[in-house]
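A.B. asks: Starting off with a structure, shown below.
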Amino acid sequence: MATVGLESNSNQSKPLWLLAELTYRCPLQCPYCSNPVEMAKYKNELTTEDWIRVMQQARKMGATQLGFSGGEPLVRKDLEDLIKEARRLGYYTNLITSGVGMDEARIVAFKEAGLDHIQISFQASNEELNNYIGGSKSFQHKYEMARLVKKYEYPMVLNIVLHRKNVHQIKDILDMTIDLNADYVELASTQYYGWSRINIDQLLPTKEQLENAELVAREYQEKMKDKMKIIYVIPDYFENRPKKCMNGWGNIFLTIAPDGSALPCHAAGQLPGLEFPNVRDHGIEWIWDESPDFNKFRGTSWMKEPCKSCDEKHKDLGGCRCQAYMLTGDAENADPVCDKSPFHETLQNDVMRIDKLSGKKDFESKPLIFRNMKNSKNFTDKKTAEPI
Amino acid sequence: MSIELKNEIILEIIPTFRVQWEEVQNCHVVLYPEGMVKLSQSAGEIMKRINGKKSIIDIITDISITFDGADVKEDILNFLEVAYGNGWIRIKQ
């Protein structure tokens, strides 16, 4: 979220962005999903009353943006009621959806409930690849829903996650978003968490692919300026400085998982040593201000070298804690995307390994592990102590 | 992008944006898909008056009265350029 203030009047952190992951149920099976690989463990979804209480408490603390996400939020039958309450509370309400489970009647009902914005994901620019990646026959339906979203005058964001299997389509993807009259397009390169991390050999684009994609993205940004905002994010594995992940731990983002666990980011569930305070047991104010989890990596005092004495530490706050944990085994280390990290070279070598093997028949024919409850269950049962 | 800001022009907020007062932030904000911009006090005073009814001269007069007859015209026109450039406002047809 952009918080480019014309005037910033506070440096005290507030949960400005509430991400409500209503469910991990989803009709799609995208192999890059950012949900936890162990999602099969999450049962016992929050009730409508729980969600309303969470929304009220976060709003009272100053939250303005609310994302209804998942899994697929449309699976929840109480979505209309939640939108209505969110809007009444004064949130800007975002529905982040695959479009599967939507129809015209529901789009109208959401509008009546006060929904501000709909974001639809596409997996590719054509039916065959879209349906393959999503593991579901959904392309035509998505297309139709995107048309209806504009018909009912919502601002529309189209989100396309880019990776090695679809990045060559970038021009067609952008033409599709123009045809659908999107207001914003997010070309989000896969970030390697959750399912995408276990599928990284199949998903990481080559350097050459990225360079081509960037040229096309820049061309369309120029061509479409004033009409459509195109946001293009390259995978940070190709960078030398890490991203200021979540704009800082416990700084503006608050994620609530389907079972009520409160997290500083949607991927943090994998980190060891966190207690995962639950909104069934605690209020948002305590969770945000007082809980050990939300204070654990706040600011810079938790840092080790090379971050601790780094003159750029306030710029990126050491990068991503999950990435540090996944790639170094210690969440307090510098994000290895940073070339000051002693693990940077290992990461670069892995990127080069995949780059070299890409395009080779044997390597490309390795099957994707699709995101579904069956694979999650297998994975959870087999899981060893090794970080993924 | 620029706009010819004549006195009689009536402006409106583009419907994909929402302007509201935020008690906790103690300022007006502009909200849009997944984003928010906090407005300074003067920017908030201007944006809250853009309602598809008031002309630019109405807004200038109104704000000048609120601030004890201060000469605010130049500041307001400058801010409207910014707001227009950001795609928040348009001329009501």
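Values quoted throughout were computed directly from the atomic coordinates according to the rules given, and no laboratory measurement underlies them. Treat the numbers as computed from the prediction; the structure is a model and nothing was measured. Counting neighbours? That spans all protein chains shown, and the Cβs are built from the backbone with ideal geometry, glycine included.
A.B. asks: Classify region A:251-388 from the C-alpha gyration tensor, please: rounded if a/c falls under 1.5, else prolate or oblate depending on whether a/b exceeds b/c.
C.D. replies: Details: a/c = 2.64, a/b = 1.22, b/c = 2.16.
Oblate, since a/c reaches 1.5 and b/c is not below a/b.
A.B. asks: Quantify how strongly other chains surround peptide A:150-158 by giving the mean number of their Cβ atoms within 10 Å of each of its Cβ atoms.
C.D. replies: Working: counts 0, 0, 0, 2, 3, 6, 2, 2, 0.
Across the residues of A:150-158, the mean count of other-chain Cβ atoms within 10 Å is 2.
A.B. asks: Follow-up. In debye to the nearest 20, how big a dipole does region A:133-221 give about its Cα centre with +1 on each Lys and Arg Cβ and -1 on each Asp and Glu Cβ?
C.D. replies: Details: 11 positive and 12 negative charges, 67 e Å.
Computed charge dipole of region A:133-221: roughly 320 debye.
A.B. asks: OK, next. Which ³J(HN,Hα) values, rounded to whole Hz and listed in residue order, are derived for region A:117-124 from phi using the Karplus coefficients 6.51, -1.76 and 1.60 in 6.51 cos²θ - 1.76 cosθ + 1.60 with θ = phi - 60°, glycine and proline given as x?
C.D. replies: Couplings: 8, 10, 10, 10, 9, 10, 9, 6 Hz.
A.B. asks: For the pair B:ALA70 and A:ARG147, how long in nm is the line joining their label points, each one 7 Å along Cα→Cβ?
C.D. replies: Taking the two extended label points, one gets 5.3 nm.
A.B. asks: Next question, about the same structure. Given the alpha-carbon gyration tensor of the protein assembly as shown, what are the semi-axes of its equivalent ellipsoid in whole angstrom, ordered largest first, with each equal to the square root of 5 times an eigenvalue?
C.D. replies: Working: eigenvalues 279, 138, 116 Å².
Equivalent ellipsoid of the protein assembly as shown: 37, 26, 24 Å, largest first.
A.B. asks: Testing the spin-label approximation: label points 7 Å from Cα along Cα→Cβ at A:LYS60 and A:PHE363. State their distance in nm.
C.D. replies: Modelled inter-label distance: 5.5 nm.
A.B. asks: Rounded to the nearest whole Å³, what is the per residue volume of the convex hull around the Cα atoms of region A:187-287? All intermediate terms of the calculation are to be shown ahead of the outcome.
C.D. replies: Details: hull volume 16.0 nm³, N = 101.
Value for region A:187-287: 159 Å³ per residue.
A.B. asks: So which of A:LYS137/A:LYS171; A:LYS223/A:LYS243; A:LYS142/B:LYS48; A:LYS14/B:LYS92 end up more than 31 Å apart, counting from Cα to Cα?
C.D. replies: Numbers: A:LYS137/A:LYS171 23 Å; A:LYS223/A:LYS243 28 Å; A:LYS142/B:LYS48 37 Å; A:LYS14/B:LYS92 36 Å.
Long pairs (Cα-Cα over 31 Å): A:LYS142/B:LYS48; A:LYS14/B:LYS92.
A.B. asks: Could you work out the relative contact order of region B:1-92? I mean the mean sequence separation of Cα pairs under 8 Å and 6+ apart, divided by the number of residues, in percent. If you can, show how the numbers build up before the last one.
C.D. replies: Working: 117 pairs, mean separation 36.2, N = 92.
Contact order relative to length: 39 percent.
A.B. asks: Given region A:28-104, report the % of alpha carbon pairs whose separation exceeds 22 Å. Provide the component values of the computation, followed by the final result.
C.D. replies: Numbers: 870 of 2926 pairs.
It works out to 30 percent of all Cα pairs.
A.B. asks: Quick check on chain A: of the DSSP beta bridges with both residues there, what percent are antiparallel, nearest 5%?
C.D. replies: On the way: 3 of 36 bridges.
About 10 percent, rounded to the nearest 5.
A.B. asks: So what is the relative contact order for region A:31-148, in percent, with contacts set as C-alpha pairs under 8 Å and at least six apart?
C.D. replies: On the way: 129 pairs, mean separation 26.2, N = 118.
Taking the mean separation of contacting Cα pairs over the length of region A:31-148, I get 22 percent.
A.B. asks: Now, a different point. What translational diffusion coefficient, in µm²/s and rounded to a whole number, does the Stokes-Einstein relation yield for chain B at 25 °C and a viscosity of 0.890 mPa s, taking the hydrodynamic radius as the Kirkwood radius over Cα pairs?
C.D. replies: Details: Rh = 13.4 Å.
My calculation gives 183 µm²/s for D.
A.B. asks: Still on this structure: With a ≥ b ≥ c taken as the square roots of the eigenvalues of the C-alpha gyration tensor of region A:170-242, please select rounded if a/c is under 1.5 and otherwise prolate if a/b is larger than b/c or oblate if it is not?
C.D. replies: On the way: a/c = 2.14, a/b = 1.82, b/c = 1.17.
Prolate shape, in that a/c is at least 1.5 and a/b is the bigger ratio.
A.B. asks: Would you work out the relative contact order for chain A, in percent, from Cα pairs under 8 angstrom that are 6 or more residues apart?
C.D. replies: On the way: 694 pairs, mean separation 76.1, N = 388.
Relative contact order comes out at 20 percent.
A.B. asks: Can you give the average number of partner chain beta-carbon atoms within 10 Å of each beta-carbon in peptide A:62-69, as a whole number? Write down the numbers at each step before the final one.
C.D. replies: On the way: counts 5, 2, 10, 6, 0, 2, 0, 0.
Across A:62-69, the average partner-chain Cβ count within 10 Å equals 3.
A.B. asks: Rounding to the nearest 20 debye, state how big the charge dipole of the protein assembly as shown is about its Cα centre with +1 on each Lys and Arg Cβ and -1 on each Asp and Glu Cβ. Working shown, then result.
C.D. replies: Values: 61 positive and 69 negative charges, 193 e Å.
Dipole magnitude for the protein assembly as shown comes out near 920 debye.
A.B. asks: Give me a comma-separated list of calculated 3J(HN,Hα) values for region B:67-80, in order, Karplus coefficients 6.51, -1.76, 1.60 applied at θ = phi - 60°, integers in Hz, x for any Gly or Pro.
C.D. replies: Each residue's phi maps through the Karplus curve to give 9, 6, x, 5, 7, 10, 3, 4, 4, 5, 4, 4, 5, 4 Hz.
A.B. asks: Let me ask something else about it. Using just the C-alpha positions of region A:65-184 as equal point scatterers, what log10 of I(q)/I(0) does the Debye formula give at each q in 0.09, 0.13 1/Å?
C.D. replies: Result of the Debye calculation: -0.24, -0.49.
A.B. asks: What residue among A:SER121, A:VAL161, A:LEU254 has its Cα farthest toward the positive end of the dipole of region A:110-263, where the charges are +1 on Lys, Arg and -1 on Asp, Glu, each on the Cβ?
C.D. replies: In region A:110-263, that residue is A:LEU254.
A.B. asks: I would also like to ask the following. Mind checking B:70-80 for the average number of partner chain beta-carbons within 10 Å of each residue's beta-carbon?
C.D. replies: Details: counts 0, 0, 0, 0, 0, 0, 0, 0, 0, 1, 0.
Mean inter-chain Cβ contacts per residue within 10 Å come to 0.
A.B. asks: I would also like to ask the following. Hey, got the dipole for region A:263-388? About the Cα centre, +1 on K and R Cβ, -1 on D and E Cβ, debye to the nearest 20?
C.D. replies: Details: 19 positive and 21 negative charges, 139 e Å.
Taking the Cα centre of region A:263-388 as origin, the dipole is about 660 debye.
A.B. asks: Across region A:296-366, what fraction of all alpha-carbon pairs, as a whole percent, falls in each successive 5 Å bin from zero upward?
C.D. replies: In order of increasing distance, the bins hold 3, 17, 24, 18, 12, 10, 7, 5, 4, 1 percent.
A.B. asks: Tell me what chain A gives for mean residue ellipticity at 222 nm when only DSSP H runs of n ≥ 4 count, each as -39,500 (n - 2.57), the sum divided by the residue total, rounded to 500 deg cm²/dmol. Show your work: numbers first, answer last.
C.D. replies: Numbers: 16 runs with 143 residues, N = 388.
Helices in chain A give a 222 nm mean residue ellipticity of -10500 deg cm²/dmol.
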